[in-house]
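Quick note: the coordinates plus some simple rules give every number you see, no bench work behind them. These numbers were taken from a predicted model, which means no experiment stands behind them. In this analysis, Cβ positions are derived from the backbone assuming ideal geometry, glycine residues included, and neighbour counts consider all displayed protein chains.
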Amino acid sequence: MAHIFTLNALSDNYIWVLHGVNSSHVIVFDPSEADPVLNYLQKNNLTLDGILLTHKHWDHTGGVKTLLKHFPTIPVYASKTDQVEGVTKFISESDEIVFENLTSPIKILDIPGHTLGHVAYIYENALFCGDTLFSVGMGKIFEGTPTQMYNALAKIKKLPQETLIYCAHEYTLANIKFAQNIDPNNKTLELRKSEVENLRKNNLPSLPVSLNIELKTNPFLRCEEPSILAALKNKGYTGNDPVSALLFLRELKNKF
Ligand SMILES: [Zn+2]
C-alpha cells in the first residue's frame, strides 16, 4: 500500500506527499506553497523527484517556482490545456508516469470541468483529484460545461470502490451540512458527519475517503437517485436529465 503523507498549506489546502518504497525519494501533488514541502523534506532527509499538478489554480501551483529553485532538474507534470508556468511534461489520459522509486506507474484521467485542463492522478488505490471531487462535495464548474463535469464524475465513479480519494481541500464538514439539507435521512452521511467532527476536533484531515463511502454520501455522485431527485424537485428543479440535475445541485450549493 502506498505511503502518502499530508501537509497542511494555506488556510484549507492539502499537499499530498507520495513516498517511494524503501527510499528517501518522494513526489508531491499540488504544492500550493513551497515552505511546508521544503520543511518536510529537510526534517526527514528526503529528496524531491517530481511535482504533479491537477490544474492551474494558484492554490495548487504557488510553490512550484521556489521548489524548482531547490530541485532545478525535476519534472513538473500538468495538462497542456491549463498552461501552468514551470511545467516540463504535458500529460493526458493515455499517458503513464514512471518514477524509478515507485512500484507502479501513475495513471491519468482527463477530468475537465473545474478547469478545462484538470486531470486526476491514480497511483495504486489512491486517486488525487484536485478540485473536481471533494468529500461529500464537488468543485465549482469554472471553465468547463456541466456535461464535462458530469462526465468527469462518471469516470471517477467507475473506479474500484476501495479507491481512496485525496482531495486538495478540507471542505468536508461544510459539504456535509449542505448534503444533509438535501438528503436528511441518509444514515451513512450521519455516521460520516460524526467521524469527520471527531477528526477535525483533533486537527486531523477528513481525507482520504473511500469511493465506496462517497457513493453513499455525496449528493453530486447521486443525482440520478430518486431520493436526491425528489429533494431537488422540492427545491424547484424541473429538468429530467442527470446533467441539469447536477448543475441545479451545484447552484443550490453556491447559494447555501
Ligand atoms: Zn481550483
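Beta bridges per DSSP, both residues in segment 36-157: antiparallel share near 75 percent. Percent of Cα pairs in the chain per distance bin of 5 Å, from zero to the largest separation: 1, 6, 14, 17, 20, 16, 12, 8, 4, 2, 1, 0. Taking a ≥ b ≥ c as the square roots of the eigenvalues of the Cα gyration tensor, an a/c ratio of 1.5 or more together with a/b no larger than b/c marks segment 44-122 as oblate.
Note on V21/T145: beta-carbon distance plugged into 1/(1 + (r/R0)^6) with R0 of 41 Å gives a FRET efficiency of 0.55. Peptides 197-210, 130-143, 72-85, ordered by how many other C-beta atoms sit within 10 Å of their residues on average, highest first, read 130-143, 72-85, 197-210. How large is log10 of I(q)/I(0) for segment 95-212 at q = 0.16 Å⁻¹ when the intensity is taken from the Debye formula with one equal scatterer per alpha-carbon? Debye intensities relative to I(0), on a log10 scale: -0.82. Sorted from greatest to least, the principal axis extents spanned by the alpha carbons of segment 1-67 come out as 33, 23, 20 Å. Extension gain for the segment K69 to R200, taken as residue separation times 0.36 nm less the Cα-Cα distance, is 43.7 nm to one decimal. Where only DSSP H runs of four or more residues are counted, the chain gives -10000 deg cm²/dmol as its mean residue ellipticity at 222 nm, each run worth -39500 (n - 2.57).
Ellipsoid fit via the Cα gyration tensor, segment 149-196: semi-axes of 21, 13, 12 Å, each the root of five times an eigenvalue, largest first. Using the Cα gyration tensor of segment 67-164, with a ≥ b ≥ c the square roots of its eigenvalues, what is the shape: rounded (a/c below 1.5), prolate (a/b larger than b/c) or oblate (neither)? Oblate is the answer for segment 67-164, as a/c is 1.5 or above yet b/c matches or exceeds a/b.
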